[in-house]
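> Sharing a structure with you now.
The values are calculated or read from the model by the stated rules, or taken from the named source; none is laboratory data. Quick caveat: nothing in here was measured; it's all calculated off a predicted structure. Using ideal geometry, Cβ is built from the backbone for each residue, glycine included, and neighbour counts are taken over all protein chains shown. SASA here: full protein model, heavy atoms, side chains in, ligands and nucleic acids out. Shrake-Rupley method; radii C 1.70, N 1.55, O 1.52, S 1.80 Å.
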Amino acid sequence: MQAPRAVDRIEITTLVDNVTDSLSSTPPFVTREWVRLQQKGMKRVAGGSLCCANHGLSLVITVTTDGESRSVLFDGGPVDYAVERNGVRLGVDFGAIEAVVLSHGHWDHAGGIPQAIAMIRAANGGREVPLHLHPGMFRERGSRQPDGGVLPMDRVPTPGDWAAMGARPEVSREPAVIAGHVLVSGEIPRVTAYEVGLPGQVARADDGAPWQPDEWLHDERFVAVNLRGKGLVVFSACSHCGIVNVLHEARRLMPDIPLLAAMGGFHLSGTNERIIPETVADLGGFGLTWMFPSHCTGWRALGALERAHGDAVVVPGAVGKTFVLEA
């Protein structure tokens, strides 16, 4: 496929993430939450001034080329209040967001998108918001429990529901380039032996149907941006298909562009802690300059990644952090 056009600058604002960390030192290209809040007008540090962490992920990705900036929202976190609270405090320009991507059909990435759509439309004059979706994300999902029962998850709204909210659903399995420069992948092939999805997940088409195994999450997709002269920054919101599989697919789609960075949830917590050694080792084979693990990566994997690759490479995400990468 044709690679997305290269950009001169990528700014990533972490709108929602599992953790808050405004004290740990960061490299010069990362701005911590409290500094960003001061830049946006915070005059006094207080609980009401700060962002809230929540189990989920949402990134505002702004790319700039030849002085023109374009923004997309990658996922919306789990809930409306996190998007509104954090977005207002961080000074997010919702009116500049021209498209939204939902990475996969889980509540902790979809739950805040309705609020995001409302805020985008309130700031853009009421225009529809393109929302990129996969057709496999609308079944009810759940997790098999130790007693054999199922704990259901909130459903992802249907395309009709999204349209009623003011979105323009774009439902596809195929890769696409949006906002001129941002690649949305197609389905991600499984090529490693050890990345086996989300153990114990099940799904059903409707309330009366039996639960069926659904561990592969074929609806998951990543997005990527080509930073001019440096390489691809790959955003994988949850990596249920495996972060190594994600990077193999990014390399397959754009073999002539080196991989620069991987950002998002690497899903190496919970039952996937058992694949930390293989994942950490194989990530070293992609020549990444940076890894920005977030959300569901887990503290054990963070420690293993830092020990293996060093803190010049491994820079954890946190709510309110801003990453600026320049060509």
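> Among the numbered criteria (1) polar (S, T, N, Q); (2) over 23 Å from R144 (Cβ atoms); (3) under 18 Å from the mean Cα position of the chain (by Cα), which single criterion is violated by T289?
Of the numbered conditions (1) polar (S, T, N, Q); (2) over 23 Å from R144 (Cβ atoms); (3) under 18 Å from the mean Cα position of the chain (by Cα), the odd one out for T289 is (3).
> Of the residues in the stretch 1-22, how many are modelled with pLDDT of 95 or more and more than 21 Å from A82 (Cβ to Cβ)?
5
> Sticking with this one: Report yes if some residue within the stretch 216-224 is open to solvent by 10 Å² or more (accessible area, probe 1.4 Å), on the phi > 0 side of the Ramachandran plot, part of a loop (DSSP other than H, G, I, E, B) and not hydroxyl-bearing (S, T, Y); otherwise report no.
Taking every residue of the stretch 216-224 in turn, none turns out to be open to solvent by 10 Å² or more (accessible area, probe 1.4 Å), on the phi > 0 side of the Ramachandran plot, part of a loop (DSSP other than H, G, I, E, B) and not hydroxyl-bearing (S, T, Y).
> Are any residues in the stretch 45-101 among the small types (G, A, S) and outside any loop (DSSP other than H, G, I, E, B), and if so, which ones?
Matches in the stretch 45-101: G47, G48, S49, S58, S69, S71, A82, G87, G95, A96, A99.
> Sticking with this one: Are any residues in the stretch 164-194 of a type in the set (S, T, N, Q), in contact (Cβ under 8 Å) with a residue 60 or more places away in the chain and either open to solvent by 20 Å² or more (accessible area, probe 1.4 Å) or closer than 19 Å to I97 by Cα (or both), and if so, which ones?
T192
> From the set of residues in the stretch 16-39 that are open to solvent by 90 Å² or more (accessible area, probe 1.4 Å) and not in a helix (DSSP H, G or I), which is nearest to N54 (Cα to Cα)?
Result: L23.
> Limited to the stretch 152-163, what total is found for residues that are in a loop (DSSP other than H, G, I, E, B) and open to solvent by 50 Å² or more (accessible area, probe 1.4 Å)?
Selection size over the stretch 152-163: 3.
> Here's something else I'd like to know. Need the failing condition index for G91 against (1) touching a helix residue (DSSP H, G or I) at 6+ places or on another chain (Cβ under 8 Å); (2) buried (at least 21 other Cβ atoms within 10 Å of the Cβ); (3) not aliphatic (A, V, I, L, M), just the number.
(2)
> Looking at the stretch 180-213 only, could you name the residues that are in a loop (DSSP other than H, G, I, E, B), out of contact with any helix residue (DSSP H, G or I) (no Cβ under 9 Å at 6 or more places or on another chain) and either charged (D, E, K, R) or under 30 Å from R274 (Cα atoms) (or both)?
If the condition is that a residue be in a loop (DSSP other than H, G, I, E, B), out of contact with any helix residue (DSSP H, G or I) (no Cβ under 9 Å at 6 or more places or on another chain) and either charged (D, E, K, R) or under 30 Å from R274 (Cα atoms) (or both), then G197, D206, D207, P210, W211 are the ones that fit.
> So, in the stretch 254-266, how many residues would count as being under 14 Å from the mean Cα position of the chain (by Cα) and assigned to a loop (DSSP other than H, G, I, E, B)?
So the count comes out to 1.
> How many residues does the stretch 281-293 hold that are over 30 Å from S69 (Cα atoms) and either open to solvent by 30 Å² or more (accessible area, probe 1.4 Å) or touching a Leu at 6+ places or on another chain (Cβ under 7 Å) (or both)?
Residues that pass the stated criteria total 4.
> Still on this model: From the list E273, E278, which residue is over 17 Å from F323 (Cα atoms), out of contact with any helix residue (DSSP H, G or I) (no Cβ under 7 Å at 6 or more places or on another chain) and either among the hydrophobic types (A, V, I, L, M, F, W, C) or open to solvent by 50 Å² or more (accessible area, probe 1.4 Å) (or both)?
E278
> Now, a different point. Which count do you get for residues in the stretch 233-253 that are assigned to a strand (DSSP E or B) and either of a type in the set (S, T, Y) or surrounded by fewer than 24 Cβ atoms within 10 Å (Cβ to Cβ) (or both)?
Going through the stretch 233-253 one residue at a time, the tally reaches 1.
> Same structure again: Yes or no: the stretch 169-179 includes at least one residue that is more than 19 Å from the chain's Cα centre (by Cα), of a type outside the set (S, T, N, Q), modelled with pLDDT of 95 or more and assigned to a loop (DSSP other than H, G, I, E, B).
The answer is no; no qualifying residue exists.
> For the stretch 110-151, give me each residue that is surrounded by fewer than 19 Cβ atoms within 10 Å (Cβ to Cβ), in contact with a strand residue (DSSP E or B) (Cβ under 6 Å, 6 or more places away or on another chain) and in a helix (DSSP H, G or I).
P135
> Of all residues in the stretch 294-318 being in a helix (DSSP H, G or I) and in contact with a helix residue (DSSP H, G or I) (Cβ under 8 Å, 6 or more places away or on another chain), which is surrounded by the most Cβ atoms within 10 Å (Cβ to Cβ)?
Taking the candidates together, the pick is L305.
> While we're looking at this one, here's another question. Within the stretch 47-68, which residues are more than 20 Å from the chain's Cα centre (by Cα) and open to solvent by 40 Å² or more (accessible area, probe 1.4 Å)?
Correct list: G47, G48, D66, G67, E68.
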